Amino acid sequence: MNSNLLSSEGILFIISSPSGAGKSSVSKHILNNDTNVNFSISVTTRSPRHGEEDGREYFFKTNSEFEKMIEAGEMLEYANVFGHKYGTPKKPVEKALASGFDVLFDVDWQGGIKIRNSHLRRFVVSIFILPPSIQELETRLVSRGQDTAAVVKSRMIKSKEEISHWSEYDYILINEDLDMVHNDVKSIIRAERLRRLDRQSLVDYVNSLNFEFEDRYK
């Protein structure tokens, strides 16, 4: 693609799924393979898991710090998820979009709704990932070894409500094959970029073609 025809503003890609259905794996793959996509780092009040670093996976805050950010109007969206607060800082997202970078969100349906209803809704493209089966979803949650049996059960119960919001999204993918989902998401990103090419750049480009016609075929 001609670099001069890229959209002057970025796109905000929301990826949602029930816990264990693949949104984090898909997000990491896209970020590792597309330099024009920035990851929206969320703020959370939960403790870091093994290997997580502040400012990389999340910004880890106390409840008091989180509430102060809300009161200061610094959050694009926030929600209570499994007993912890999660939210998205507004300024980094706005800065990236204005600079022409796409922004990727790995959020649940609550965060997805709030972003789609925010002042940035015209930038939003949303993707929901479904599991191949409920049994497979539970197997994936157990096998990743991050949660106790009680937490896994809680996540499975919550998954029914999360899945009920699938029809609110622009694109729906079923994660039967992770490589295929990776390719599908990359195709969606490319298609949306083509659809949102900067209109004035296109006008200027077509005008340059017309000038070339006039020079060659007088």
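The values are calculated or read from the model by the stated rules, or taken from the named source; none is laboratory data. None of the values given here were measured: they were computed from a predicted structure. Glycine also receives a Cβ, built like all others from the backbone with ideal geometry; neighbour counts cover every protein chain displayed.
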Legend entry - Some residue of segment 186-200 being more than 27 Å from F101 (Cα to Cα), outside any strand (DSSP E or B) and of a type outside the set (G, A, S): no
Legend entry - Restricting segment 71-105 to residues that are touching a Leu at 6+ places or on another chain (Cβ under 9 Å) and among the acidic types (D, E), the residue that is surrounded by the most Cβ atoms within 10 Å (Cβ to Cβ): D102
Inset, instruction - Considering (1) part of a helix (DSSP H, G or I); (2) at pLDDT below 90; (3) surrounded by 13 or more Cβ atoms within 10 Å (Cβ to Cβ); (4) not aliphatic (A, V, I, L, M), say which one N4 fails and leave the rest. - result: (3)
Inset, instruction - Determine whether segment 158-170 contains at least one residue that is part of a helix (DSSP H, G or I), in contact with a Pro (Cβ under 7 Å, 6 or more places away or on another chain), hydroxyl-bearing (S, T, Y) and under 29 Å from D102 (Cα atoms). - result: yes
Inset, instruction - Please find, within segment 132-163, the residue that is surrounded by the most Cβ atoms within 10 Å (Cβ to Cβ) out of those that are more than 19 Å from the chain's Cα centre (by Cα) and among the hydroxyl-bearing types (S, T, Y). - result: S154
